[in-house]
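Asker: What follows is a structure written as structure tokens; I'll ask about it next.
The values are calculated or read from the model by the stated rules, or taken from the named source; none is laboratory data. Fair warning: this is a prediction, and the values are worked out from it, not measured in the lab. Backbone-built Cβ (ideal geometry, glycine too); neighbour counts: all protein chains shown. Just so you know, the surface numbers come from the protein's heavy atoms only, side chains and all, with ligands and any DNA or RNA stripped out. Shrake-Rupley method; radii C 1.70, N 1.55, O 1.52, S 1.80 Å.
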Amino acid sequence: MIDAMDVVALHLSRRGVIAGGVATVAITGAADARTVAPTQPVATMPLSVEVNGRRHDLRLDPRTTLLDALRDHLHLTGTKKGCDHGQCGACTVIVNGHRINSCLSLALQHDGDSVTTIEGLGQPGHLHPMQAAFVKHDGFQCGYCTPGQICSAVAVLAEIKAGIPSHVSTDLAAPMHPTNAELRERMSGNICRCGAYSNIAEAIAEVAGAAA
Amino acid sequence: MRAFTYERATSPAGAAAAVAQHAGAKFLGGGTNLLDLMKLEVETPTHLVDIQDLKLDQIEAMPDGGLRIGAFVSNTALSADRRVRRDYAVLTRAIQAGASGQLRNKATTAGNLLQRTRCPYFYDTNQPCNKRTPGSGCAAIGGYSRQLAVIGTSDRCIATYPGDMAVALRVLDANVETVDAKGATRVIPIADFHRLPGTTPEIDTVLRHGELITAVTLPKPLGGTHVYRKVRDRASYAFALVSVAAVIAPDGSGRVAFGGVAPKPWRTPTADAAMPQGAAAVVDQAFAGAHPTHDNAFKLTLAKRTLAAAIAQVRTA
């Protein structure tokens, strides 16, 4: 990832350069020539991955991310592609019990792993408690970030229970508690552009309370 | 992303040999930084050697009282280790001040050390960048440089080393252990691990091609009060403008390293020696000879204030 503020500032300055710069046009032309160069066929590689309790044997181009394997090859489209660079958290899934950004992981890195996506947490009619709490507390507006938010939230509560500290934990030796400040810090890798944060925090707090 | 081939190594020396025999090969740890850069074609490896099966995921106590941290230990696991929280709290604090929960779960100890700069011109392949494309020039010099380095720079590159973990490792005097394709090992003090850009900013560290990090070792506990303070543009999940890692004794002496200000974690003996005189004296020593830009000169003032806050935090603890 790179800071969003830097990207904004850079784009502003680049626009200024393009308006008056001949050299920039030449550089852009070279970049275009590179992207249209013919590509060689790529050998696929096998992997076996368990997703939501079911084993899948796949053959994939090594470039395939776990996110693209889930969405395009296993047709589990609940996991969303937001930034595709680890900045937004929309692609969050749980692998071997740990939440990760599925966009920044090659599918081949997960040969033999066990993956849980939003579809594996719960389905309409039998929702996971975190899914139900997000509905109850209006923890979303457009809903695009929601699968990642929910997968992250489920893992956050497990991390607190396991005693993993955070940036806002005052005492590293004490047990961790799901305070509002802890939940907000631990959820900072999941961006909600609609700004449903306060309701998301309330939904997670309710599940944390019920589980305590 | 450019095409590449992939393999999983089965031994550290085997992994080193696999990378050594391909000029375009790279090791793959967690991949959180490398894959990001590959999508942008800033990094274009032709072969990846995955090190996840090398059993480098343990943290072991050493006979001298220190710890040996396997290269593949995740940032989360390292920060949460009870011995680290108790005896090397500055390391736990630094790791938890960086990235997000998802990234810390995947990112590894060695990969964190090897993460590349977040200079926006390094990321933008339409811009000249001597670190990405040697000899192409530096768009950051005279460009948007608010996040970039104020000391240790050259006329070829003013990129900042972006990480937090390594700043804590620097203050703890950690060592980096490596193995090469022939099985030869070496120990690199963290102070010597990251390079200053000079005329070759494309080379970030002293590692040779095909040399694999196997572990990071921590000397026996220092005692003192450990503090990591990081100032950034938002409260969480952002890179440092300035960070301070310090271990401070009850008499006010101690050691301090700064992040977000230089091409490597920045620590000097003269700055450590000035700790009893307070933050202003320390920063004057640490940043003697600094070359800030118009955009980032504020970092010198911010470093004084951040260290002053860290010292005050220790006094009231």
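Asker: Just to confirm, what accessible area per residue do you get for chain B at 1.4 Å probe, in whole Å²?
Answerer: 37
Asker: Compute for chains B and A the buried accessible surface, both sides summed, probe 1.4 Å, and express it in Å² to the nearest 100. Don't skip to the answer; put the middle values down first.
Answerer: Numbers: alone 13940 and 12400 Å², together 21720 Å².
Chains B and A together bury approximately 4600 Å².
Asker: Also, I was wondering about something else. If you roll a 1.4 angstrom probe over the protein chains with everything in place, what fraction of the accessible area of segment B:1-140 belongs to carbon and sulfur, to the nearest %?
Answerer: Numbers: 2340 of 4670 Å².
Carbon with sulfur: 50 percent of the solvent-accessible area.
Asker: Which value, to two decimals, describes the C-alpha radius of gyration of segment B:107-196 once divided by 2.2 N^0.38 Å?
Answerer: Values: Rg = 15.1 Å, N = 90, 2.2 N^0.38 = 12.2 Å.
Dividing the Cα radius of gyration by 2.2 N^0.38 Å gives 1.24.
Asker: Where does segment A:93-168 land on Rg(C-alpha)/(2.2 N^0.38 Å)? Write down the numbers at each step before the final one.
Answerer: Numbers: Rg = 13.5 Å, N = 76, 2.2 N^0.38 = 11.4 Å.
For segment A:93-168, the normalised Cα radius of gyration is 1.18.
Asker: Report D for segment A:51-188 in µm² per second (integer): Stokes-Einstein, Kirkwood Rh on Cα pairs, 20 °C, 1.002 mPa s.
Answerer: Details: Rh = 15.8 Å.
The estimated diffusion coefficient comes to 136 µm²/s.
Asker: Here is a follow-up. Rg over Rh of segment B:1-137, using C-alpha atoms and the Kirkwood radius, what does it come to?
Answerer: Numbers: Rg = 16.7 Å, Rh = 16.5 Å.
The Rg/Rh ratio comes out at 1.02.
Asker: Per residue and in Å³, how big is the convex hull formed by the alpha-carbon atoms of segment B:133-182? Working shown, then result.
Answerer: Working: hull volume 7.2 nm³, N = 50.
In segment B:133-182, the Cα convex hull volume per residue is 144 Å³.
Asker: Shifting gears a bit: Can you run the Rg to Rh ratio on segment B:79-154? Use alpha carbon positions and the Kirkwood inverse-distance Rh. Please report the intermediate quantities before stating the final value.
Answerer: Working: Rg = 16.5 Å, Rh = 15.0 Å.
Taking Rh as the inverse mean 1/r over Cα pairs, Rg/Rh reads 1.10.
Asker: I've got another one for you. So which trypsin sites (Lys or Arg not before Pro) in segment B:219-317 are both in a DSSP loop and have at most 10 other Cβ atoms within 10 Å of their Cβ?
Answerer: Working: sites: B:ARG229, B:LYS230, B:ARG232, B:ARG234, B:ARG255, B:ARG267, B:LYS299, B:LYS304, B:ARG305, B:ARG315; in loops: B:ARG232, B:ARG234, B:ARG267.
Passing sites in segment B:219-317 are B:ARG234.
Asker: Another question, then. If you look at just the Cα atoms of segment A:65-136, how large are its Rg and its Dmax in Å?
Answerer: So, for segment A:65-136, Rg and Dmax equal 12.3, 38 Å respectively.
Asker: Let me ask something additional. Taking each residue of B:36-46 in turn, how many C-beta atoms of other protein chains fall within 10 Å of its C-beta, and what is the average? Could you put the intermediate results ahead of the total?
Answerer: Numbers: counts 10, 2, 2, 7, 2, 3, 0, 0, 0, 0, 0.
The per-residue average across the peptide is 2.
Asker: Shifting gears a bit: From Cα pairs below 8 angstrom and at least 6 apart in sequence, can you work out the relative contact order of chain B, rounded to a whole percent? Please list the in-between numbers first.
Answerer: Numbers: 735 pairs, mean separation 57.2, N = 317.
Answer for chain B is 18 percent.
Asker: Holding the Cα-Cα limit at 24 Å, pick out from B:LYS106/B:LYS299; B:LYS26/B:LYS131; B:LYS230/B:LYS304; B:LYS26/B:LYS106; A:LYS161/B:LYS106; B:LYS264/B:LYS304 the pairs that are longer than that.
Answerer: Numbers: B:LYS106/B:LYS299 31 Å; B:LYS26/B:LYS131 17 Å; B:LYS230/B:LYS304 13 Å; B:LYS26/B:LYS106 18 Å; A:LYS161/B:LYS106 19 Å; B:LYS264/B:LYS304 19 Å.
Table pairs above 24 Å Cα-Cα are B:LYS106/B:LYS299.
Asker: Helix-only mean residue ellipticity at 222 nm, chain B, DSSP H runs n ≥ 4 weighted -39,500 (n - 2.57), per residue, nearest 500. What is it? Working shown, then result.
Answerer: Working: 13 runs with 94 residues, N = 317.
Calculated mean residue ellipticity at 222 nm is -7500 deg cm²/dmol.
Asker: Give the value in nm², to one decimal: projected area of the alpha carbon convex hull of segment B:7-67, averaged over all directions. Could the numbers behind the result be given before it?
Answerer: Values: hull surface 21.0 nm².
In nm², the orientation-averaged hull projection of segment B:7-67 is 5.3.
Asker: Once you have the alpha carbon radius of gyration of segment B:203-245, what is it after dividing by 2.2 N^0.38 Å, with N set to its residue count?
Answerer: Working: Rg = 15.9 Å, N = 43, 2.2 N^0.38 = 9.2 Å.
Here the Cα radius of gyration is 1.73 times the empirical estimate.
Asker: Could you pull out the trypsin sites (Lys or Arg not before Pro) across segment A:170-200 that fall in loop regions by DSSP (anything but H, G, I, E, B) with no more than 14 other Cβ atoms inside 10 Å?
Answerer: Details: sites: A:ARG184, A:ARG186, A:ARG193; in loops: A:ARG193.
Sites meeting the loop and neighbour criteria: A:ARG193.
Asker: Oh, and also: Please work out the average accessible area per residue across segment A:119-212, using the 1.4 Å probe convention, and give it in Å². Write out the running numbers ahead of the final one.
Answerer: Numbers: 4380 Å² over 94 residues.
Computed with neighbouring chains in place, this is 47 Å² per residue.
Asker: Quick one: of the DSSP bridges fully inside segment B:15-156, what percent are antiparallel, nearest 5?
Answerer: Values: 5 of 9 bridges.
So the antiparallel bridges amount to about 55 percent of the total.
Asker: Then there's this: Normalise the Debye intensity by I(0) for the protein assembly as shown, one equal point scatterer per Cα, no solvent, then take log10 at q = 0.07, 0.12, 0.13 Å⁻¹ and round to two decimals.
Answerer: Values, matching the q order: -0.39, -1.22, -1.43.
Asker: Can you give me the Rg/Rh ratio for chain B, using Cα atoms for both radii and the Kirkwood formula for Rh? Before the final figure, lay out the partial values.
Answerer: Values: Rg = 19.0 Å, Rh = 19.8 Å.
Taking Rg over the Kirkwood Rh, I get 0.96.
Asker: Could you check how much of the accessible area of segment A:82-156 is carbon and sulfur, as a whole percent, using a 1.4 Å probe?
Answerer: Details: 1410 of 2540 Å².
Carbon and sulfur atoms account for 55 percent of the accessible area of segment A:82-156.
Asker: Output the antiparallel fraction of DSSP beta bridges having both residues in the protein assembly as shown, as a percent to the nearest 5.
Answerer: Details: 49 of 59 bridges.
The antiparallel proportion sits near 85 percent.
Asker: Lys and Arg at +1, Asp and Glu at -1: add these up for the other residues within a Cβ distance under 13 Å of A:ASP138 and post the number.
Answerer: Details: positive: A:LYS136; negative: A:GLU202, A:GLU206.
That works out to -1.
Asker: Now a separate question. Normalised by the residues of segment B:1-68, what does the relative contact order come to in percent, with Cα pairs under 8 Å and at least six apart? Please list the in-between numbers first.
Answerer: Numbers: 96 pairs, mean separation 29.0, N = 68.
Relative contact order here is 43 percent.
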